[in-house]
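The structure appears right after this line, and notes come after that.
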Amino acid sequence: MPRIAIIGGGISGLSAAFTLAEKRQAGAGFEYVLFEAAPRLGGVLVTDRADGCLIEAGPDSFLTEKPWAADLCRKIGLGDQLIDSNDADRKTYIVVRNKLVVMPDGLMFMVPTKILPTVLSPLFSFRTKMRMAGEWFHPPHKATSDETVAQMVERHYGAEMVDLLADPLLSGVYGGEATGLSVRAVLPRFADMEAKHGSLGRAMLAARKKMASPTNAAPRALFTSLKEGMQQMVDGLLDRLDRSALRVSSPVQLLIPQDGGWTVSAGYQSDQFDAVIIAAPAHAAAALLESADENLARELAGIDYSSSVTVTLGYDESVRRSLPPGFGFLVPRSAGRRMLAATFVHNKFPHRAPDNRALVRCFLGGARDEQILDASDEQILGIVREELRQIISLNADPLFTRVYKWRAAMAQYSVGHLDRLARIQALCQKLPGLALAGNGFSGIGVPDCVRSGTEAATKVLSEMGVWSAA
Ligand SMILES: Cc1cc2nc3c(=O)[nH]c(=O)nc-3n(C[C@H](O)[C@H](O)[C@H](O)COP(=O)(O)OP(=O)(O)OC[C@H]3O[C@@H](n4cnc5c(N)ncnc54)[C@H](O)[C@@H]3O)c2cc1C
């Protein structure tokens, strides 16, 4: 019977396994085995609990507009567990001179689409506001080569916009910097909008008009999560998988193409498979494929990753009453802090904290502060508490704290990433029975990872002739 190995049991690998399990249930004849290095499955999806509060160690939700994660949740029977972010309370602040300044209404990602709130906002200087007005008349521009997000945003709105919005927004999503990330890979819509409309502001408005529903249906929430946290998605998937096919604490050390298949070495064991799906970070995939194809390994190793630290602090009712409304704040680089952002979790989602508790989740690390990973939990907590004191005057002692470190977990799509992907795809074609999935390639968010795992599984099945989408 044909055999498929999956390497990596994060959400990408579990999505691949679920797709294989579905096809097996539908009668396709093959076996699969999932190898996971860690003692648990789920990768960076981890939900913890303390004092009646639900704590996300990694992702807390996913973008609603990308359907693949929610679709998977519905497939595994968690449709009624999906929850929306409390968008009626959505408000995000930017830290400017140790004060929270609210982001003006009408900003779509970083593009202003409403004139009055932007003009009246104390966030931007007069000079930047003039740039925003001028941006409206930006001529269409088809870039001949890739560039950084910072370069594009600066061309449209000036350097202040990069510092106040582009950089902090990207460090929130990618743990990366606007000066390093590729506009084509990270914000392909922006590149298209610029080519077609010139002005990003006019393009966003046109897109919004097109999307506006004639039935006046309420707009969908920006983020979707699960009542019991992101771990619920992992547990839901595990319930649908054959447990005997899941090998935890089994780091794969080597992959060797052999006799039209693959030899997979994990620990002291080597096993033969017809196809392999690598759903581990690109740097791990590179190490595995070194002896199979050193050019492919070099390309995979060229995809940079940054690290991330999340710190959650729980407080009592008096703190909850004293904290500002809204989802939280972003910290621009010019603020000279180590914290990148903080979320007021009790405001962002229901079911996260009892009414008498406040939950603040802070982010540190990213491409500009890898050193934070080497600090002890106590040192990190010290930094976070001092910065919360200075930024939002939060002096109270927390009831509980949690620190989570994620080393080399966030892929950085730097300039030229799409060209690198094309080279990786071409090299993979020379290695039959190999598919790559995970956040290193075509999207870092949970929905993109779900899609990548599903597509990788579908690809190997159809290549093996076991099952075809057609
Ligand atoms: C702190 C944080 C917050 C985030 N917030 C959000 C968010 O709110 N929304 C969102 O959409 N996305 C968010 N993301 C991004 C998203 O969660 C990740 O990109 C995604 O979960 C990655 O899934 P994955 O399966 O590709 O990788 P991982 O979760 O990293 O899993 C890869 C797995 O491969 C295993 N592995 C590695 N090498 C081997 C080997 N040799 N053999 C066997 N196993 C191996 C690892 O142990 C790991 O379990 C966040 C990420 C982090 C770190």
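The values are calculated or read from the model by the stated rules, or taken from the named source; none is laboratory data. As the structure is a prediction and not an experimental result, all values here were calculated from the model. Cβ: placed from backbone, ideal geometry, glycine included. Neighbour counts: every protein chain shown. Remember, those area values only see protein heavy atoms, side chains included, never the ligands or the DNA or RNA. Shrake-Rupley method; radii C 1.70, N 1.55, O 1.52, S 1.80 Å.
Structural remarks
- Tilt relative to the chain, helix 126-135 - C-alpha long axis, 0 to 90 degrees, to 10: 60 degrees
- Mean separation of Cα pairs under 8 Å and 6 or more residues apart, divided by the residue count, gives the chain a relative contact order of 26 percent.
- Three principal axis extents describe the C-alpha atoms of the chain; from largest down they are 68, 54, 49 Å.
- If you plug the beta carbon distance of Gln390 and Glu317 into 1/(1 + (r/R0)^6) with R0 = 25 Å, you get a FRET efficiency near 0.60.
- Heavy atoms of Lys91: accessible area, 1.4 Å probe, square angstrom to 10: 90 Å²
- Estimated translational diffusion coefficient (Stokes-Einstein, Kirkwood radius over Cα pairs, 20 °C, 1.002 mPa s) of segment 260-316: 154 µm² per second.
- Segment Arg240-Arg97, extension gain: residue separation times 0.36 nm, minus the distance between their alpha carbons: 46.4 nm
- With R₀ set to 25 Å, the beta-carbon distance separating Lys227 from Gln379 gives a calculated FRET efficiency near 0.15.
- Fully extending the segment from Lys196 to Ala26 would add 56.7 nm, taking 0.36 nm per residue of separation and subtracting the current Cα-Cα distance.
- With eigenvalues of the C-alpha gyration tensor scaled by 5 and rooted, segment 370-448, Å: 41, 13, 12
- Those chymotrypsin sites (Phe, Trp or Tyr not before Pro) in segment 84-156 that DSSP places in a loop and that have at most 16 other beta carbons within 10 Å: Phe109, Trp136, Phe137
- Area accessible to solvent at Thr310, 1.4 Å probe radius, in Å²: 0 Å²
- Calculated SAXS-style log₁₀ I(q)/I(0) at q = 0.10, 0.24 Å⁻¹ - segment 229-325, Debye, Cα scatterers: -0.49, -1.25
- Sparsely packed GluC sites (Glu not before Pro) within segment 235-337, loop by DSSP, other Cβ within 10 Å at most 16: Glu290
- Backbone amide hydrogens, once placed in the peptide plane, bring Ala280 within less than 5 Å of Ala437, excluding anything fewer than 5 places away on its chain.
- Using every pair of separate Cα atoms, the Kirkwood estimate puts the hydrodynamic radius of segment 274-397 at 17.1 angstrom.
- Counted over segment 60-198 with a bin width of 10 Å, the fraction of Cα pairs per bin, in whole percents, is 10, 35, 33, 17, 5, 0.
- Where GluC sites (Glu not before Pro) fall in DSSP loop in segment 1-110, at most 16 other Cβ within 10 Å: Glu65
- Built amide H within the under 5 Å cut-off of Val96, gap 5+: Val101
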